[in-house]
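Values in this text are rule-based calculations from the coordinates and carry no lab data. Nothing here was measured: the structure is a model prediction, and the numbers come from that model. Neighbour counts are summed over all protein chains in view; Cβ atoms, including those assigned to glycine, are modelled from backbone coordinates with ideal geometry.
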Amino acid sequence: MNYRQPQTIASIIQSAKVLVDLYLKASSANANTLTGWSLDDRDPQIIEQLMPFFGWVYQDYFRVQTDGWEHIPKTGKVLLIGSHNGGLAAPDTVMMTYDWFRQFGTDRLAYALMEPKIWQFLPGLARLAAQVGTIQPHPDMIRAALRRDAAVLIYPGGAKDVFRPHSQRNKIYFHNHKGFIKLALQEEVPIVPFISHGAHSTLIVLADIHPQLQQLHRLGMPWLRGIDPGVFPIYLGLPWGIGIGPLPNIPLPIKLHTRVCPAIAFERYGESAARDREYVEQCYRHVCEQMQQELDRLVEEQESSGFKLCSF
């Protein structure tokens, strides 16, 4: 059932208050709660309460244009594979999640993987996200969700993808992570790609200096809290002006276009296919190539319509 709750200024303000209250409660919650290790922390009632605020963000802040939702099966399990953009705010992810609930309602099971280090660095945000359907990126959690006939959203490129340099904003960058292919083959589940245009310009990533910091770490420099962040960008954006490190950001109000692409099916499935390294590599390249073609097409459409972002 599609989400069609009318939005008013009062409902948007009330929804924003709920968001702040939930964040404050999550920030002070016991460290052993809402850890992302339970599929039952997802709360459809909380999602309903947050919809008006994110509807305002969707319609008035990012002015989202979206298409392709007919490619998602009406029922059953599916792996949604996305290209990640826009820093920790990840506006395309948030807007696609909102669109999912608009299209299918809040009761249809859907989960998204989140980088485990978010629970360490930003526990309030992570616990809040767990109530919307965020889970730990562990194969057992993904299999459990799929076996409930849920949709699972995976961004294989992770932090390196979401903070890739602005010059690579129109490139599919999964950093050779192939675990999602093995899961799709093992669970015999279709892959439906998600792409977007605009989100990677809601902040401008100039460079990732993590390799240089790794060298300093080997020479004795400690990581903050003893945690290697895996990525260390320098970017232009709000609220810092110049952000150094994987800091939370306020995305610029850039117009977004999100697209659901046609499903990708493979010739072989099952455990033997998942253990065939050459076949997994072949499937991985096929997904990346298909998504790159779709992204190139979307970028060309946007630029031909006069929507062209600044380039560096």
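At a glance:
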item	result
Loop-located trypsin sites (Lys or Arg not before Pro) in segment 246-300 whose Cβ has at most 14 other Cβ within 10 Å (DSSP)	ARG268, ARG275
nm² value of the averaged projected area, convex hull over the Cα atoms of segment 191-244	5.8 nm²
Evaluated at q = 0.15, 0.28 Å⁻¹: base-10 log I(q)/I(0), Debye formula over Cα of segment 12-54	-0.42, -1.02
Whole-Å distance, taken between Cα centres, linking segment 45-123 and segment 243-267	10 Å
Listed residues ALA129, ALA199, ALA31, most fluctuating in the chain (Gaussian network, C-alpha, under 10 Å)	ALA31
Qualifying trypsin sites (Lys or Arg not before Pro) in segment 53-145, DSSP loop, other Cβ atoms within 10 Å at most 10	LYS74
Cα-Cα pairs of segment 87-137 separated by more than 16 Å (percent)	41 percent
Cβ-placed point charges (K, R +1; D, E -1), dipole of segment 130-170 about Cα centre in debye, nearest 20	100 debye
Residue among ILE135, GLY68, ALA150 farthest towards the positive dipole end of the chain, charges placed on Cβ	ILE135
Whole-percent pair-distance distribution, where bins are 5 Å wide, for the alpha carbons of segment 156-307	2, 8, 15, 16, 15, 14, 13, 10, 5, 1, 0
Percentage relative contact order, the chain, counting C-alpha pairs under 8 Å, at least six apart	23 percent
Relative counts (whole %) of C-alpha pair distances in segment 112-237, using bins that are 10 Å wide	11, 34, 37, 16, 2
Kyte-Doolittle mean at least 1.0, axial Cα span of 15 Å or more - DSSP H helices of the chain	9-27
Principal axes of segment 1-141: Cα extent on each, largest first, Å	36, 35, 28
Dipole in debye (nearest 20) - segment 183-284, about Cα centre, beta carbon charges: Lys, Arg +1; Asp, Glu -1	480 debye
222 nm mean residue ellipticity, helices alone, for the chain (DSSP H n ≥ 4; -39,500 (n - 2.57); rounded to 500)	-12000 deg cm²/dmol
DSSP-assigned coil residues among GluC sites (Glu not before Pro) in segment 205-312, each with at most 15 further Cβ atoms within 10 Å	GLU267
Rg followed by Dmax, in Å, when the chain is reduced to its Cα trace	19.1, 58
Ellipsoid equivalent to segment 48-99 - semi-axes via the Cα gyration tensor, in Å	20, 15, 11
Contact order normalised by residue count of segment 172-257, Cα under 8 Å, 6+ apart, percent	31 percent
Average Cα contact separation per residue, segment 1-84, under 8 Å, 6 or more apart, as relative contact order %	40 percent
